[in-house]
Amino acid sequence: MILTFVVGRETVRLMSYAENSIGTRIFETREATGLSQRELAEQAGISQSIISKIETGEIQNPGTDVVQKIAKVLVVGVAWLIGQGGKPEL
């Protein structure tokens with residue numbers, strides 16, 4: 001099942017089973033920091049569509065370089081972001 005939310009101008013879709021996924025962690029951290037998908041993508045140097053696909057679960061295993069770029073912008077540890085433990089913050 002896919003949950004769909006409209007936040008401002010963005011439509012956000014989340015897989016209901018993905019409560020503890022990398023996409024959920026990125027979405028929740030991005031929202032907590034007040035960044036839009038576009039802003040995160042620009043600061044990380046990747047496309048907004050990649051951010052969207054990770055958050056919705058369409059991409060479940062993004063490449064290491066993508067994860068590192070996102071973690072740097074969100075100021076979180078890579079290990080935490082991919083669900084391997086560690087602390088959320090760097």
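Computed from the coordinates by the stated procedures, all read-outs in this text should not be read as laboratory data. Because the structure is a prediction, the values reported are computed rather than measured. Please note: Cβ atoms are built from the backbone with ideal geometry, for glycine as well, and neighbour counts cover all protein chains shown.
The number of residues in segment 25-51 that are part of a helix (DSSP H, G or I), of a type outside the set (D, E, K, R) and free of Cβ contacts under 8 Å to residues at least 24 places away in the same chain comes to 5. Of all residues in segment 33-42, those that are more than 17 Å from Thr64 (Cα to Cα) and touching a Leu at 6+ places or on another chain (Cβ under 9 Å) total 2.
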